[in-house]
Amino acid sequence: MLKKFQEALDRRKEAGILRTLKPGLKGIDFYSNDYLGLSKNEELQQQLLRCVQENPVLLSGSSGSRLISGNSMIVSEVEHYIAQQHQYSDALLFYSGYNANLALFSALPDRHDTIIIDEQIHRSVHDACRMSYAKKIKFRHNDPEDLESILKRQTGTCYIAIESLYSMDGDFAPLKGIAALARKYNAALIVDEAHAFGVFGYGLVEKYNLQNDVFAVVVTYGKALGAHGAAILCNETVKSYLVNFASPFIYTTAAQDFIWLSIKAGYDFLKQRPELPQKLHQNINIFRNQNIKTSSSEISPIQAIIIPDNHQLKALQEKLSARKFLTYAVYSPTVKTGTERLRICLHSFNTEEEILEMAGVIKEFV
Ligand SMILES: Cc1ncc(COP(=O)(O)O)c(C=O)c1O
């Protein structure tokens, strides 16, 4: 058995794509999802510290799943607050976005249903589809015509899975067009806003007022909010169905109240500090003005530079890292072979000098 594992690891190593865990690297952050710097924001940390000092039971373990001993007033209040903020009738909190997607797509569609996914959807949705008995069909990335041709051929209930801002490509879904298709074909549209939340207000569903056409939204709190966890925004029936039938919700110990409270504090902090996303968008602009070839959107905090040669990609990443710029090289199977890329994440706290210097290194290379 071990021989088989070792051979697979050796193959990855030879291809230059062996994954290893590295300690928190020191350098200039162009790779984390901490778009607004909230994960390290001292003011927010001090606020949270005061909450804990006044109420240390926030740090108590939850002692069980939410259906047994792990539910609390705090989590219910925070869910209510989140639903109101996003103008959905209800919300259900999870410990991570991965679990939220697992819950949605494994529990809602049954064996007669079809899940139609954008080919670039996050891995968590693929894994959820493997847990479901529903049929899975992929449509071409961001291609409403392809999606419609698939919808036309289906007879049962369809679920459509998209991200509003794609995590690997840094491009946006044609959200309004896909919402119109969902309405036309009576399909349930589910939008993952992991990378849009906090960067574009509360996300693009809220920004374009699409709540009536979007059956459920996943917002995650480990990225722009610098915290942890996720919420599914939906109506009361869907929430109750998930509480009753979604294994990833039912069979796991609830998080501590501190986690839920820090999410609420994050929302309040976002409201107080509109200059943070503004600064981020200025930085995106500075990077884009460097004219580095990318297919990412010009307003996306994620900028992908395609370098299909693994060794060349690694060399660029190492060259940047030697200059203390931390970036992320994305290899297959995370992305399709031939579309390997350097992924740059821009942040509100990056300085103009840092961006220009990093861009200079990339321009010398590509
Ligand atoms: C689009 C998308 N959805 C879901 C997730 C999972 O969220 P979490 O990190 O909270 O588990 C991620 C994180 O990588 C993501 O990029």
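Structure above, values below:
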item: Sole residue being more than 16 Å from the ligand (Cβ to nearest atom) and in contact with a strand residue (DSSP E or B) (Cβ under 6 Å, 6 or more places away or on another chain), chosen from Ala231, Ala194, Ala187, Ala216; result: Ala187
item: Given (1) farther than 27 Å from Lys319 by Cβ; (2) among the hydrophobic types (A, V, I, L, M, F, W, C); (3) in the same structural domain as Phe349 (by TED's automatic domain parsing); (4) away from the ligand (no atom under 16 Å from the Cβ), index of the condition Leu49 fails; result: (3)
item: Long-range neighbours under 7 Å by Cβ, at least six apart or interchain, first residue among the charged types (D, E, K, R) and modelled with pLDDT of 95 or more within the stretch 154-166, second crowded, with 24+ Cβ neighbours inside 10 Å and in a strand (DSSP E or B); result: Glu163/Asp192
item: Residue among Val75, Val125 that alone is of a type in the set (A, V, I, L, M, F, W, C) and away from the ligand (no atom under 16 Å from the Cβ); result: Val75
item: The stretch 350-366, subset closer than 24 Å to Lys40 by Cβ and touching a strand residue (DSSP E or B) at 6+ places or on another chain (Cβ under 8 Å), residue surrounded by the most Cβ atoms within 10 Å (Cβ to Cβ); result: Met358
item: Some residue of the stretch 133-149 being of a type in the set (Gly, Ala, Ser), away from the ligand (no atom under 16 Å from the Cβ) and out of contact with any Phe, Trp or Tyr (no Cβ under 7 Å at 6 or more places or on another chain); result: yes
item: Qualifying position, being in the same structural domain as Val191 (by TED's automatic domain parsing) and touching a His at 6+ places or on another chain (Cβ under 9 Å), among Gly156, Gly70, Gly64; result: Gly156
item: Count of the stretch 110-157 residues which are over 24 Å from Pro174 (Cβ atoms) and among the polar types (S, T, N, Q); result: 2
item: Flag for Ile355 being in contact with a Ser or Thr (Cβ under 7 Å, 6 or more places away or on another chain), at pLDDT 95 or above and within 28 Å of Gly226 (Cβ to Cβ); result: no
item: Listing of strands (runs of 3 or more DSSP E) fully contained in the stretch 67-162 that carry 1 or more residues being touching a Lys or Arg at 6+ places or on another chain (Cβ under 9 Å), within 22 Å of Gly203 (Cα to Cα) and among the hydrophobic types (A, V, I, L, M, F, W, C); result: 90-94, 114-118
item: The stretch 295-313, residues that are surrounded by 17 or more Cβ atoms within 10 Å (Cβ to Cβ) and assigned to a helix (DSSP H, G or I); result: Leu313
item: Leading residue by the ranking (nearest to the ligand (Cβ to nearest atom)) among those in the stretch 234-245 that are farther than 26 Å from Pro174 by Cβ and of a type in the set (A, V, I, L, M, F, W, C); result: Leu242
item: Selection count where residues are within 15 Å of the ligand (Cβ to nearest atom) and not β-branched (Val, Ile, Thr), scope the stretch 197-213; result: 5
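The rows are residues; the columns are (1) touching a residue at least 12 places away in the same chain (Cβ under 8 Å); (2) outside any loop (DSSP other than H, G, I, E, B); (3) on the phi > 0 side of the Ramachandran plot.
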| position | (1), (2), (3) |
| --- | --- |
| Arg11 | no, yes, no |
| Ser32 | yes, no, no |
| Tyr35 | yes, no, no |
| Leu44 | yes, yes, no |
| Arg50 | no, yes, no |
| Gly61 | yes, no, no |
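The values are calculated or read from the model by the stated rules, or taken from the named source; none is laboratory data. Treat the numbers as computed from the prediction; the structure is a model and nothing was measured. Cβ coordinates were reconstructed from backbone atoms using ideal geometry, including for glycine residues, and neighbour counts include every protein chain displayed.
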